[in-house]
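The values are calculated or read from the model by the stated rules, or taken from the named source; none is laboratory data. What you see is a predicted model, and the numbers here were worked out from it, not measured in a lab. Heads up, the Cβs are rebuilt from the backbone with ideal geometry, glycines too, and the neighbour counts pull from every protein chain shown.
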Number of protein chains: 2
Amino acid sequence: MERLYLYDTTLRDGQQTQGVQFSTTEKIQIAEMLDQLGLDYIEGGWPGANPTDSEFFENAPKTRAKMTAFGMTKRTGRSAENDDVLAQVMNANTSAVCLVGKSSAFHVSDALGITKAENTANIAASFSHITGQDREALFDAEHFFDGYKADPDYSLETLHAAMEAGARWVVLCDTNGGTLPNEIHEITKAVIASGISGENVAIHTHDDTANAVACSLAAIDAGARQIQGTLNGLGERCGNANLTTLIPILLLKEPYASKFETGVTIENLQTLTHISRTLDDILNRVPLRQAPFVGSSAFAHKAGLHASAILKNPSTYEHIEPHIVGNERVIPMSNQAGQSNLRKRLSDAGLSVKKGDPALGFLLDEIKEREAQGYSYDTAQASFELLARKALGQLPTFFEVKRYKVTVERRKNKYDKMISLSEAVVVLKVDGEKKLSVSESMDDTGSDRGPVNALSKALAKDLGQYQEMIDDMRLVDFKVRITQGGTEAVTRVIIDSADSKGNRWSTVGASPNIVDASFEALLDAIQWKLIRDTSEKVHK
Amino acid sequence: MERLYLYDTTLRDGQQTQGVQFSTTEKIQIAEMLDQLGLDYIEGGWPGANPTDSEFFENAPKTRAKMTAFGMTKRTGRSAENDDVLAQVMNANTSAVCLVGKSSAFHVSDALGITKAENTANIAASFSHITGQDREALFDAEHFFDGYKADPDYSLETLHAAMEAGARWVVLCDTNGGTLPNEIHEITKAVIASGISGENVAIHTHDDTANAVACSLAAIDAGARQIQGTLNGLGERCGNANLTTLIPILLLKEPYASKFETGVTIENLQTLTHISRTLDDILNRVPLRQAPFVGSSAFAHKAGLHASAILKNPSTYEHIEPHIVGNERVIPMSNQAGQSNLRKRLSDAGLSVKKGDPALGFLLDEIKEREAQGYSYDTAQASFELLARKALGQLPTFFEVKRYKVTVERRKNKYDKMISLSEAVVVLKVDGEKKLSVSESMDDTGSDRGPVNALSKALAKDLGQYQEMIDDMRLVDFKVRITQGGTEAVTRVIIDSADSKGNRWSTVGASPNIVDASFEALLDAIQWKLIRDTSEKVHK
């Protein structure tokens, strides 16, 4: 087996994503995650470029992976030893150092305004300096592919200058992301034909044509043996090559799986979905449903024909088993699905219904009608289950809602400042007893969180014997969508809840009145939790 | 130039996206958009499979593109003429018909449970039936690549059966999305070598390994001449090949740009970003920032080195000019280019500000800060104008909001039925006079339209001397989006308003409290209207 090296730049190039700004603590957490996954190199940032990156290197975790500092080749008119920017990079004391330098004649003249010979000399001097201090050196050959197309000789000259000065790797960068896979393949082959071993060639691509993964594979096919990328494809513009996609391809797909080994084991691959979602959690981003391998839709089978075949044999419509990457199969309910899909979903919820049971037809009609009103049961599995239980006469009544009232007020406070405050009163009947609860929308910091927040708190405030179960649940996501649009708009609310037992469930409500829609979804969330906690027989 | 045909399946395969459910009206709107863009085929859905698809074909718009009905090959044990599922597809009377059939021996035995010969006969009979009725026929060869790898002879046999029965196209489908570009290339070449002209070969890929675009290009390289995909890469699981990415590649990138022509002109390519965003609007999805070509980050330059080089020469860090696809360059708001963009936007609103005016810097900071809070001024031009007027000291005060209060109540009515009702009280100061208005959320039919409706009516009920102007405006759309997600969610409300003079304007509000966010957007909408109507000098 040949060794392929994986180089992560989430903490450096990934930070160039619009809207992304890591803190030092977050960088440390991500570095540890990458190390556990089995990456070979972790590029931590550019020491000296900003306070966060500098602080990260001062506190960098001990990793099995080679911690790498990023910087740039020395500037013209000073020695490598006297370049203060380079000095800060070296002072981070990492075992590996990656320096970006120009490998395109156009950029040498137009962006730097120096001669080609000066640029080559800067590269040579910088790499002699690094390797003289016993660091592993990588030359990040910026604009390599665009440069090669215009002036191949000069672009190759820059690579050879770095190699002759002792660089371990030359990193072929498609900086602007416009090069297609075939060209990446040809040019990478030309680099190797020029006398640089594939063992020293790394590939760094961007997703501006949605080909970052294909371009990385094309470079491996041509002989490159290091792949650079980021988790979840973070990065400048459209992002870098997505390691969350590349890693499973390299481990599971031919010809790569038989030919190469990486530092990531097949066991660790099972943590991939979790790692991807954790990164989104850290960034407070909604995970991309359609993401290959790790997205929540990656193994969702909506089409009726697909769903029924999947039930017979999952390999009919799945290219890999979802659990291999820590993901799971989803058969969403929708008005396109048939009865067999429905029975599968019911049995997932612990409800077994015989084939041909008239309740199935009734339930399908009910779902169809409610979807026409604005409900959606694709993702709201818990609300689906409650609807099914009702149709099957298996829905216990834990409590009854008598009425509620929510007030939203905006007025001036005593300091003459406009403030908002919501208040909710909920009247329930639990165990034959009437219970009035009131809550307001203020959070711990004194900020108004709105009417749904007040209502949610009032509803969960006093549920008698069920209180302990309810205290264990929390709202983790709240999504609103206007269906139909216009002034006749219906609001659909989807609520995700979670508890300490590791359950996570989704419920839906729909109404022209957003408060009502939210209330419905909240009620369903509570009911589902009570069913789970009070029943032994029913399991997820 | 050779002709490449573009086949869109947004309305059929795109509808398999989790959470996507088009209405008939939306389908018509999307079909018209696709036709204007210049697609060759529009697959409208599966007539008879569900009410929406049937209704769409009954009301399908007249298009230059070939409207295509999707269905499946006839079932075993009945003739093509007597297959009711096929009959419904034919009855849609489209000029082209695409039928899915099995082209994998494993699926013939395992999913259908029939013999290979029976399956081949079903394909042959179905296509004879279609072509006998003078329809253009496409054979959607399901699981073709996986089938070919296990039993190449049988997979080719199914293609030839369709071709011999008169099919115009065989569509090679990588149904499960697991095949990599090199394999797609080899197998497509083998199909052509088996005697089917590339002029009859179409490619249909999925993005399960993030290679759908690369696989489509690999098939074209091998000789295929029709590409199937969806707008924004909608579709089952990880989605289909993204036409929004493929179209600019085919028109702008070599070797495709010089070798091929499609029905999409370079002029129409400029509408691509708008089309992509409109589709997201219809689906109320947050547009994917990192989307190639059309994403709002696709030409955003965050890295300091990149941004400064871009100012010298955009080609230093851009693979194409953003305006070619109707997109725009984004550079940090604080720099000079940000200011010139801003001045352009201000002059669009009739506000002329001198270069270097300190108000520009102040306004840019204000926008940045508000966008971080959840506001968005991309589309809400009217709210942008109000913000600018405030910064420039040109915002007239028409009235003052003293306070408001909204009550949402759900309780039993006298018939013991649960009903909801909202009521809003707004207190304003107009012309030095205090005005209290109250409205409820009931519409003419007696249905509750919710708290925002009540608030909107109360706010517009008595505005003194401005009442006539306000009576002339109406709410035409209301969009809600949760930004950030999670329990700290902020709600962004965008309201579109219109008046009898043909003005249409958008305003934005953002708050953790949805009622407050709506109120802000409503207030902005009224203020904009009053500025327009009271001022002669200011024009749209």
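Of note:
- Any hit, segment B:506-524, residues being surrounded by fewer than 21 Cβ atoms within 10 Å (Cβ to Cβ), hydrophobic (A, V, I, L, M, F, W, C) and at the interface with chain A (Cβ under 10 Å from one of its Cβ atoms): no
- Candidate set from segment A:293-319 (those that are within 23 Å of B:G113 (Cα to Cα) and among the β-branched types (V, I, T)); member that is farthest from the other protein chains (Cβ to nearest Cβ): A:I310
- Test result for B:I196, closer than 30 Å to A:A300 by Cα, over 32 Å from the mean Cα position of the chain (by Cα) and assigned to a loop (DSSP other than H, G, I, E, B): no
- Tally, over segment A:199-218, of residues that are among the hydrophobic types (A, V, I, L, M, F, W, C) and either in a loop (DSSP other than H, G, I, E, B) or surrounded by fewer than 20 Cβ atoms within 10 Å (Cβ to Cβ) (or both): 1
- A:A80 being in the same structural domain as A:E142 (by TED's automatic domain parsing), out of contact with any helix residue (DSSP H, G or I) (no Cβ under 7 Å at 6 or more places or on another chain) and surrounded by fewer than 24 Cβ atoms within 10 Å (Cβ to Cβ): no
- In segment B:162-193, the residues that are assigned to a loop (DSSP other than H, G, I, E, B) and away from every other protein chain (no Cβ under 11 Å): B:A165, B:G166, B:A167, B:R168
- Selection from segment A:219-248 of residues that are part of a helix (DSSP H, G or I) and either more than 8 Å from chain B (Cβ to nearest Cβ) or in contact (Cβ under 8 Å) with a residue 60 or more places away in the chain (or both): A:A219, A:I220, A:A222, A:L231, A:N232, A:L243, A:T244, A:L246, A:I247, A:P248
- Some residue of segment A:303-318 being surrounded by fewer than 23 Cβ atoms within 10 Å (Cβ to Cβ), under 22 Å from the mean Cα position of the chain (by Cα) and in a helix (DSSP H, G or I): no
- The residues of segment A:24-46 that are surrounded by 20 or more Cβ atoms within 10 Å (Cβ to Cβ) and in contact with an Asp or Glu (Cβ under 6 Å, 6 or more places away or on another chain), listed by number, are A:L34, A:L39, A:I42, A:G45, A:W46.
- Of the residues making up segment A:249-261, those that are among the small types (G, A, S) and facing chain B (nearest Cβ under 8 Å) number 0.
- Filtered residues of segment A:1-25 (kept if outside any loop (DSSP other than H, G, I, E, B), under 15 Å from the mean Cα position of the chain (by Cα) and more than 30 Å from A:P255 (Cα to Cα)): A:Q15
- Considering segment A:414-430, the residues that are in contact with a strand residue (DSSP E or B) (Cβ under 8 Å, 6 or more places away or on another chain) and of a type outside the set (A, V, I, L, M) include one that is nearest to B:K412 (Cα to Cα), namely A:K429.
- Residues in segment B:175-193 that are within 24 Å of A:S297 (Cβ to Cβ) and surrounded by 24 or more Cβ atoms within 10 Å (Cβ to Cβ): B:T175, B:G177, B:T179, B:P181, B:I184.
- Residue check, A:A69 touching a strand residue (DSSP E or B) at 6+ places or on another chain (Cβ under 6 Å) and crowded, with 24+ Cβ neighbours inside 10 Å: yes
- Exactly one residue out of A:L250, A:L272 is of a type outside the set (G, A, S), assigned by TED's automatic domain parsing to the domain that holds A:T17 and modelled with pLDDT of 95 or more, and it is A:L250.
- Answer residue from segment A:264-292, given it is among the charged types (D, E, K, R) and within 22 Å of B:G19 (Cβ to Cβ) and is farthest from the other protein chains (Cβ to nearest Cβ) among those: A:R277
- Looking across segment A:431-457, the residues that are among the aliphatic types (A, V, I, L, M) and modelled with pLDDT under 90 come down to A:M442, A:V452.
- Total residues in segment B:67-89, condition touching a residue at least 40 places away in the same chain (Cβ under 8 Å) and within 21 Å of the chain's Cα centre (by Cα): 1
- Pair list, Cβ under 8 Å, 6 or more apart: segment B:442-471 residue more than 19 Å from B:Y404 (Cα to Cα) and more than 12 Å from chain A (Cβ to nearest Cβ), other residue outside any helix (DSSP H, G or I) and among the acidic types (D, E): B:Q465/B:D431
- Contacts under 7 angstrom Cβ, first residue in segment A:1-21 being facing chain B (nearest Cβ under 9 Å), partner crowded, with 23+ Cβ neighbours inside 10 Å and β-branched (V, I, T), 6 or more apart: A:D13/A:T230
- Test result for B:V191, among the aliphatic types (A, V, I, L, M), out of contact with any Ser or Thr (no Cβ under 8 Å at 6 or more places or on another chain) and over 21 Å from A:E186 (Cα atoms): yes
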